[in-house]
Amino acid sequence: MGPIAALLLPAFLIGACTDPTGQTASATETGTTGTGGGETEAESVTVTVTEGTTDPTAGESETMGTTGDGGNASFDVRESVEQLHVTHAAPGDTLVLTDEGGAEVQSGVVDELGSLIFRELAPGDGYVVATEAGDEYTGPLTVMSVENSLPTDPDFYAGQELGPGFGYIRTRDGTTLSVYVTLPGPPEDGPYPTIVNYSGYKPSKPGAPIDANTIPEPFELDALCLDLPILCDIPSHPSGMIAGIMGFATVGVNMRGTGCSGGAYDYFETLQTLDGYDLIEAVAAQPWVAGNQVAMAGLSYPGLSQLWVAQTQPPSLAAISPLSVFSDTVTSTLAPGGMFNDGFALSWAENVLNGAAPYGQGWEQGMVDDGDDECAENQLLHGQRVDTTEKAFMYPYYVAEIADPLSPQRFAGKIEVPVFTAGAWQDEQTGGHFTALWSAFTSSPLTRYSGYNGVHADGYTPDLLIEWHNFLSFVLTDEIPEIPPLVRTLAPLLFQDFFGEPLDIPPDRFLMYDSYASARAAYEAEDDVRILFEMGAHPDSGPGVPRSSWDATFAAWPLGEVTPQRWYFGPKGRLLAEQPPMDGGATEYLFEPKTAKVTTLPSGDINNSLPPWKWPQDPAGEAAVYVSDPLGEDVVMVGSGSIDLWFKSSAAEADIEVNLTEVRPDGQEVYVQSGWLRASHRGLAPESTDLRPIHTHLEEDVEPLVPGEWTELRVELFPFAHAFRAGSRIRLSVDNPGASRPEWTFIVSDLPDGTVNTVGHDAMRPSSVLLPILPGADVPTPLPPCPSLRGQPCRDFVDYSNDEVAP
């Protein structure tokens, strides 16, 4: 990857597993003016709730509470939503929280930076924090409710001033969030359409000029920066650079407990979501924001944050554009099929947690060294971050009160703004199970969905960027979308640096219209769903270069045009169009836990046009494999699939993976999609369909296998879109989890050595696969090179012999 590309797609976002930690330094306790009356350098806002309303603009206060004993605590306490935040206490002290009646609610030990957070508190007045000995105590404290936390002062948002460069936004509980602003021109030449990027990565890290030595001839940096100021002030998030080049103002905001933001990190906690509401309103109130409305943008983590923020319905949020996201934290990525994913999901959580430590991202120390007392003060609570990995292991089953708030598909109906979203079926990080969202945005007035084969970062490829720009232009401006000519000139040079080929941004689609209104009407009349086929195999580009060969649009997801078609498992490893014979038998395979730690890309960059895939063959005796006869015509499939198994095991549990591949006429085999299931989690939700078995993962629905006894179970094949060519064969394997994904590995069950699983395929036990066929679909291009399809490795096809037994 060249230096230009490295700036376009920083490693911390391309590979969300990249460790965001840096040199950790000791926090400097500059202090705040707080509840105990300690006079210190930095300024703090104390929040006091009276008569059920909150006014976080009340100003600073030296004591907490307005009635009774004001307390004598030398430490500070910030009142918050369902929490209380202690700073400047004596490290190692035990602090006790009591309610209005004097009953102990919680206690905890102050950390090495003098901080402690009391969480999950019932809203109300009269709380008191005291030392265990009782010699220091606060006045009465108020814990806010979500409903009553909204600032009542109309100037709370409008009174906050933000300009180009680094700064802070104050949230409803007084916590400040670090921000970095770029404008496409002077503030006085605005207002400008504006996007916000919000995450726990480094979006507020101050920008820097691009290295002048990386500017391709005949361009010069100084001259370019006159037209594209963003090149001399590149934000630390790709959406900011891309949007900045396209003429948008950009705002990068670090989540609570990360970077120079105050508070402590907890994965999409309530406060983090409310902060999102506050920052949208504060940014939109700025005079340089066009229409005082903003959109959110970002891929992966800053894509997901948009969903959580949008459900709070900030009045000044115009739209969201989340890329490469999932529909459910638990079932899509953390524990697909009920098995913990420790290859990406848990390691990502650990890396983000490490970056949320005091000075954990590295750049904070430089800000403090340069005199930023706010950043120093804000580090004090970072040590109170919540260990999300530990929390995940506490819940091996789906617990609604914990998991539902972390499931975007369950709250997407609250989102009332336009939505643009896109994702790759083979996403090596979030996993490709995003389409459940596509039918969940029931309150959005305008939706645009794109699905394609590819990898996590492919949301920033030309085929997607042009539509992203169209969407943002329509929702944020009253002008017909048009990519600036200079950007069209520069873009191929940037893409050349990254993909090895000078890709053009596709043509602007709406310039033929004579008015914005007519162009907008045409845009809104288009289909919601766009499927891009064979990304990486465009006949005019090299293999693996991220251009799609063709696309098709549809009114809704799941596609109403799809016709399910069933193939049955049969003897001799055949995939049959008809039910298997009475004497069709069964196939047994050995459970091998080591496979769970095998990936298909142990080294190399997955974003390269042709990554160095190492996709292993199924080991003998460790899979049940079924291959169809050659297809008589091209067959296009779009949607989820269902592998309906008759299954038994010698143990009381089984961890199952299924893999769909295409065996091509040229003797190559290409990966298509996978699915997973822990057999005891086979209980189905009422909303399951023929093509999509949805498992509840509820503890009350868990049912161990009876060793040696046949059981029916269904495994969901994750959503996909693929064109199987005439002469190709469909291959379906049932095997051990692992060896199918570039970054996913699994924590599998601890089963007895020699555990054997068996798949039935006779008339009494007709295992089968139901696949989503798109009848009459035209495939306009020839069989693509192998390898070429992004996210879909190739290997030589090798015949596999099942270990067949009597059922």
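The values are calculated or read from the model by the stated rules, or taken from the named source; none is laboratory data. From a predicted model like this one, the values you see are computed outputs, not experimental measurements. Cβ coordinates were reconstructed from backbone atoms using ideal geometry, including for glycine residues, and neighbour counts include every protein chain displayed. Side chains are part of the model used for accessible areas, which takes the heavy atoms of the whole protein and leaves out ligands, DNA and RNA. Shrake-Rupley method; radii C 1.70, N 1.55, O 1.52, S 1.80 Å.
Using the crude model of +1 on Lys and Arg Cβ and -1 on Asp and Glu Cβ, and no other charge, please compute the dipole size for the range 109-214 relative to its Cα centre, in debye to 20.
For the range 109-214, the charge dipole is close to 420 debye.
Would you mind telling me the share, in percent, of accessible area of the chain contributed by carbon and sulfur at probe 1.4 angstrom?
Taking all protein chains in place, the chain shows 50 percent carbon and sulfur surface.
How far apart, in nanometres, would the label points at D155 and Q579 be if each is projected 7 angstrom from Cα along the Cα-to-Cβ direction?
With each label placed 7 Å out from Cα toward Cβ, I get 7.8 nm.
Give me the Debye-computed log₁₀ of I(q)/I(0) at q = 0.18 Å⁻¹ for the range 357-481, equal point scatterers on Cα only, no solvent, two decimals.
Per q value, in the given order, log10 I(q)/I(0) is -1.04.
Rounded to the nearest 10 Å², what accessible area does E416 have for a 1.4 Å probe in the complete protein model?
110 Å²
How much length is gained if the chain between E217 and S443 is pulled fully straight, taking 0.36 nm per residue apart and subtracting their Cα-Cα distance, in nm to one decimal?
Gain on extension, E217 to S443, equals 76.5 nm.
Modelled label-to-label distance, E104 and D478, 7 Å Cα→beta-carbon offset: nm?
Simple spin-label model gives 6.4 nm for this pair.
For the range 307-401, what mean projected area does the convex hull of the alpha carbons give, in nm²?
8.8 nm²
What is the chain's relative contact order, in percent, from Cα pairs under 8 angstrom and six or more apart in sequence?
Value for the chain: 12 percent.
With r as the distance between the Cβ atoms of E416 and M512 and R0 = 25 Å, compute the FRET efficiency 1/(1 + (r/R0)^6) and round to 0.05.
With a Förster radius of 25 Å, E is 0.20.
Please list 743-750, 398-405 highest first by mean number of surrounding beta-carbon atoms within 10 Å per residue.
Put in order of decreasing packing, that is 743-750, 398-405.
When ligands, DNA and RNA are left out and all protein chains stay put, how many square angstrom of accessible area per residue does the chain have with a 1.4 Å probe?
For the chain, the solvent-accessible area averages 35 Å² per residue.
Let me check I've understood the local charge: for D778, count other residues with C-beta under 14 angstrom from its C-beta, Lys and Arg +1, Asp and Glu -1. What total comes out?
Counting the neighbours of D778, the net charge comes to -4.
Could you pull out the pairs from K202/K414; K391/K414; K391/K614; K594/K648; K572/K648; K205/K594 whose alpha carbons sit more than 31 Å apart here?
From K202/K414; K391/K414; K391/K614; K594/K648; K572/K648; K205/K594, over 31 Å: K391/K614; K205/K594.
Near G343, within a Cβ-to-Cβ distance under 10 Å, what is the net charge of the other residues, with Lys and Arg +1 and Asp and Glu -1?
My count for the surroundings of G343 gives -1.
Over the range 244-370, what is the mean sequence separation of C-alpha contacts under 8 Å (at least six apart), divided by residue count, expressed as relative contact order in percent?
Relative contact order for the range 244-370 comes out at 23 percent.
Would you compute, for the Cα atoms of the range 209-318, the largest minus smallest coordinate along each principal axis and list the three values in descending order, in whole Å?
50, 30, 21
Kindly rank 599-610, 543-554 from highest to lowest mean number of other beta carbons found within 10 Å of each residue.
The most tightly packed comes first, giving 543-554, 599-610.
How many angstrom separate the Cα center of the range 412-433 from the Cα center of the range 214-252?
The distance from the Cα centre of the range 412-433 to that of the range 214-252 comes to 27 Å.
Taking the alpha-carbon distance from K597 and a cut-off under 13 Å, which aspartates and glutamates remain once sequence neighbours fewer than 8 residues away in the same chain are dropped?
Hits, sequence-local ones excluded: D342, E743.
Work out, step by step, the length gained on full extension between D778 and E188: first 0.36 nm times the residue separation, then minus their alpha carbon distance; give nm to one decimal.
Residue separation times 0.36 nm, minus the Cα-Cα distance, leaves 207.2 nm.
How big is the range 508-623 along each principal axis, measuring the range of its Cα positions in Å and listing the largest first?
Principal-axis extents of the Cα atoms in the range 508-623, largest first: 68, 42, 27 Å.
Could you let me know the centre-to-centre spacing of the range 313-361 and the range 749-807, using Cα atoms, in angstrom?
Here the answer is 30 Å between Cα centres.
Between D370 and A122, what length comes free when the chain is fully extended (0.36 nm per residue of separation minus the Cα-Cα distance, one decimal in nm)?
Between D370 and A122, full extension yields an extra 85.3 nm.
Using the Karplus curve 6.51 cos²θ - 1.76 cosθ + 1.60 with θ = phi - 60°, what ³J(HN,Hα) values do you get for each residue of the range 104-121, in whole Hz, with x for Gly and Pro?
Whole-Hz 3J(HN,Hα) from phi for the range 104-121: 5, 9, 8, 9, x, 9, 5, 7, 5, 9, x, 10, 7, 10, 9, 10, 6, 9.
At 7 Å along the Cα-to-beta-carbon direction for both D227 and D527, put a label point, then send me their distance in nm to one decimal.
According to this spin-label approximation, the distance is 3.7 nm.
Over all directions, average the projected area of the Cα convex hull of the chain and note it in nm².
34.5 nm²
Can you tell me what share of the DSSP beta bridges in the chain is antiparallel? A percent to the nearest 5 is fine.
For the chain, the DSSP antiparallel bridge percentage is about 75.
If all Cα-Cα distances of the range 556-630 are sorted into 5 Å bins from 0 onward, what percent lands in each bin, rounded to whole numbers?
3, 11, 14, 12, 12, 15, 18, 11, 3, 1
Per DSSP helix of 4 or more residues, -39500 (n - 2.57); summed, then divided by the residues of the chain. What does that give at 222 nm, rounded to the nearest 500?
Result for the chain, helices only: -4500 deg cm²/dmol.
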